[in-house]
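Asker: Encoded as structure tokens, here's the structure I'll be asking about.
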């Protein structure tokens, strides 16, 4: 996995990550967009996803409940901005119980053929603080490690 650093951009900080997964783009896209598959890998180690609802159409919404190993579930939600199966998925991301330095970000996932694998490239931002960017870097990194195990 390649852990690119956040880039300062006008309006905030942007997280860039990529990983290679041992499955074709069609299968990876399905893992990114079907609730029954998402719950298998989404979230940092130890977290579960007791609820995942999504309406996979441009303008459609999604909402996930994330449960930490020892705590109450919290929620994130957003709307789909671009859907181009199996190559691209773009959506907003917002915590429903935000901390003061949270703000809505945009997640842009691109999938590319890589022989018998898929290169998954993520860009998310803009973040208001380095702390929030690093929180998401950790979450996505651990999520991608879990995704790698289920594809």
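Asker: Report yes if residue 76 is assigned to a strand (DSSP E or B), touching a helix residue (DSSP H, G or I) at 6+ places or on another chain (Cβ under 7 Å) and either at negative phi or at pLDDT below 95 (or both), otherwise no.
Answerer: In short, no.
Asker: Looking at the range 79-101 only, could you name the residues that are part of a strand (DSSP E or B) and out of contact with any strand residue (DSSP E or B) (no Cβ under 8 Å at 6 or more places or on another chain)?
Answerer: Once the filter is applied, which keeps residues that are part of a strand (DSSP E or B) and out of contact with any strand residue (DSSP E or B) (no Cβ under 8 Å at 6 or more places or on another chain), the range 79-101 yields only 84.
Asker: Within the range 76-104, can you find the residues that are within 14 Å of the chain's Cα centre (by Cα), in contact (Cβ under 8 Å) with a residue 24 or more places away in the chain and within 17 Å of residue 132 (Cβ to Cβ)?
Answerer: Matches in the range 76-104: 78, 93, 104.
Asker: Kindly state which strands (runs of 3 or more DSSP E) lie completely within the range 1-56 and contain at least 2 residues that are under 25 Å from residue 114 (Cα atoms) and modelled with pLDDT of 95 or more. Reasoning before the result, please.
Answerer: Working: elements: 7-9, 12-21, 48-54.
Of the strands (runs of 3 or more DSSP E) lying wholly inside the range 1-56, those with at least 2 residues that are under 25 Å from residue 114 (Cα atoms) and modelled with pLDDT of 95 or more span 12-21.
Asker: Hey, another quick one. Please go through the range 106-138 and pick out each residue that is under 25 Å from residue 58 (Cβ atoms) and either without any contact (Cβ under 8 Å) to a residue 12 or more places away in the chain or under 12 Å from the mean Cα position of the chain (by Cα) (or both).
Answerer: 106, 107, 108, 109, 110, 120, 121, 122, 123, 124, 125, 136
Asker: Ok, one more. Taking the range 61-73, which residues are outside any strand (DSSP E or B) and surrounded by 14 or more Cβ atoms within 10 Å (Cβ to Cβ)?
Answerer: 73 - this is the single residue of the range 61-73 that is outside any strand (DSSP E or B) and surrounded by 14 or more Cβ atoms within 10 Å (Cβ to Cβ).
Asker: In the range 104-151, which residue that is assigned to a loop (DSSP other than H, G, I, E, B) and on the phi < 0 side of the Ramachandran plot is surrounded by the fewest Cβ atoms within 10 Å (Cβ to Cβ)?
Answerer: Residues of the range 104-151 assigned to a loop (DSSP other than H, G, I, E, B): 104, 114-117, 128-129, 151.
Among the residues that remain, those that are also on the phi < 0 side of the Ramachandran plot are: 104, 114, 116-117, 128-129, 151.
Details: 104: 13, 114: 14, 116: 8, 117: 17, 128: 16, 129: 15, 151: 18.
Across the range 104-151, the extreme among qualifying residues is 116.
Asker: Identify, please: which residue in the range 38-56 is buried (at least 18 other Cβ atoms within 10 Å of the Cβ) and in contact (Cβ under 8 Å) with a residue 40 or more places away in the chain and is, among those, farthest from residue 138 (Cα to Cα)?
Answerer: 41
The values are calculated or read from the model by the stated rules, or taken from the named source; none is laboratory data. Predicted model, so just to flag it, every value in this text is computed and none were measured. Cβ: placed from backbone, ideal geometry, glycine included. Neighbour counts: every protein chain shown.
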